[in-house]
Amino acid sequence: MPSLQALFHDAYVRRRTLAIIAALILTAAVPFADTVLPTGWSYALLGAGVLLVMAVLLRQLRPGGPGTDGAAASGRRSGDAARPGAGLLLYLSPVILLNLVFPLISPQMAAVQVGGVQLTYVVLACSITVPWLAQAACLPAYRLIGDLMAEQNPAAIARRFCSGWPAMFTYALPLVVLFAVPLWLATGWSLTAMATYAGLAALHLLFVQSLILANVGSRRGLWALAWLAYAAALGVAPTLWWLPPLAGALTQIAAMGRSLAALGFRNRPALRGFSADLVRGLLMGAVLWADKYLLFLVTDGDFPVVIIFVAMLPAVIAYNYYFVNLAPRVDKAVASLHRAISDEPLTVMTARSQRLSRTVDRAILSTGAVGMLLTLAITLVLEGVQPANVLLAVSVGVASWAFMLLTLLSYELDYIGVKGLPQLFGGIHLALCAGVFLLLDAAGSADGTGLAYAALVAADVLLVAVSWVLYKRHWSQPEYTLFWRHATSW
């Protein structure tokens, strides 16, 4: 395994690491800046510095730029890959559209009650459940079509997906009950309110599974169309809670065309493997999403929603940035190594292996730098508009950044075939979240919530450090971990 000294011989890695450290220190200092710096010009100076560093970073990450290996840069001049900025904006359409619509329709939702509970709380509970639920419910679908994805045959992928979709949707419905029971026990909502929550969660389950084909085919326009229909339905009829996910799903179902003829229960996944995938998805998804769900449980939904969601926004953007702009480079480097193992001499294979390790290191650290710089920028904005909540914003922002990095490292370990460790990290994180929110009583005040997230920062930074060491151990020789280990295991 390469030493840290060898790793930091890469100037690109050094720059990203220094950017992360600098942005982290500045973010932690923002709440105390008034005591040592004049307000106004100091924040403007820090904000300008953030924008400058981000501009340099994004310039080096453009296709063919200094941060791109030559082999990985070739062949990406079509579609969204040639326009990474446009692809990222389309992929972020749910974040953009929903943040535009929700402030406008929230008063109308708040005026409606379902079973004695404000519709706003029911929708909020579902919105923090669905991302975690989706991580588990969609994983079996990717297994179903996994062997076809390399062939890049959209019609065959769509037929295979449609043949198994009804069974996968049905098998995943118990997840709704899994999330609904703790919510009911914690809040004491009426059966009518709980039925509305369960129905809304089930419709969102249908919606997120319908998005899989657009995601697999990198059809960002179709993905954005689904969220545009969702946001439009929400804006036009905010109290018809069932309409937005149904409208979004219909855009995807219509695009499936003739593949819908394959719909049925003929291609049912094995229940044991399906259940294992659900558990794996729940544990891996817990790292990014468990804290929001548990916070809702201990506060009955009475927490500073805007501050929490704005503070976590940089981590969400960075996470999507990785999968849209950087993950394709990792995939191409893996394919290049596979070809080298099959057709090229040992010296070429070794060079390809080193390039793959370097590509993955750069992708993770670049994502970390983008996330931390955005966290600094958002913290500066909140210091100006919500100074009373800046400590909470810093705690949530840095914690979300750590959650995002741990998720990416877990993803890379899972990608290379190490299945147990990501689930272990997810289980540890889930236990830490439950313990922290219960012991520190986040329901008490915004300060209690901030203290809970500060404790999670300390715990998850340690988990990130451990996962980084394990990630480097397995990715230092990717040719063995990805290919030869499987060939020699018999």
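The values are calculated or read from the model by the stated rules, or taken from the named source; none is laboratory data. None of these values were measured; they are calculated from a predicted model. Glycine also receives a Cβ, built like all others from the backbone with ideal geometry; neighbour counts cover every protein chain displayed. Ligands, DNA and RNA are excluded from the accessible area calculation, which covers all protein heavy atoms including side chains. Shrake-Rupley method; radii C 1.70, N 1.55, O 1.52, S 1.80 Å.
Below are the figures for this structure:
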{"read-out": "Proximal lysines to Lys472, defined as alpha-carbon separation beneath 26 angstrom and excluding residues fewer than eight positions away on the same chain", "value": "Lys332, Lys419"}
{"read-out": "Per residue solvent-accessible surface (Å²) - region 157-196, probe of 1.4 Å", "value": "43"}
{"read-out": "Ordering of 189-202, 258-271 by burial proxy (mean other Cβ atoms within 10 Å per residue, highest first)", "value": "189-202, 258-271"}
{"read-out": "Net charge of neighbours whose Cβ lies under 13 Å from the Cβ of Leu409, counting Lys and Arg as +1 and Asp and Glu as -1", "value": "-2"}
{"read-out": "Share of carbon and sulfur in the accessible heavy-atom surface of region 106-216 [1.4 Å probe, %]", "value": "65"}
{"read-out": "In Å², nearest 10: area of Thr170 left accessible to a 1.4 Å probe", "value": "60"}
{"read-out": "Extension gain (nm, one decimal) between Asp147 and Phe169, 0.36 nm per residue minus Cα-Cα", "value": "5.9 nm"}
{"read-out": "Magnitude of the charge dipole, region 271-385, Cβ model with Lys/Arg +1 and Asp/Glu -1, debye to 20", "value": "560"}
{"read-out": "Share of Cα-Cα pairs in region 190-292 lying beyond 20 Å, as whole percent", "value": "55"}
{"read-out": "Local electrostatic count, Thr187, Cβ distance below 11 Å [Lys/Arg +1, Asp/Glu -1]", "value": "-2"}
{"read-out": "Rg(Cα)/(2.2 N^0.38 Å) for region 237-371, N = residue count", "value": "1.52"}
{"read-out": "Residue-count net charge about Pro140 - beta-carbon cut-off 12 Å; Lys, Arg +1, Asp, Glu -1", "value": "+3"}
{"read-out": "For region 350-448: rounded, prolate or oblate by the Cα gyration tensor [a/c cutoff 1.5]", "value": "oblate"}
{"read-out": "Cα-based shape type of region 298-418, given that a ≥ b ≥ c are square roots of the gyration tensor eigenvalues and the cut on a/c is 1.5", "value": "prolate"}
{"read-out": "Ranked by how many other beta carbons lie within 10 Å on average, peptides 456-469, 282-295 from highest", "value": "282-295, 456-469"}
{"read-out": "Accessible area per residue in Å² at 1.4 Å probe, computed on region 268-363", "value": "40"}
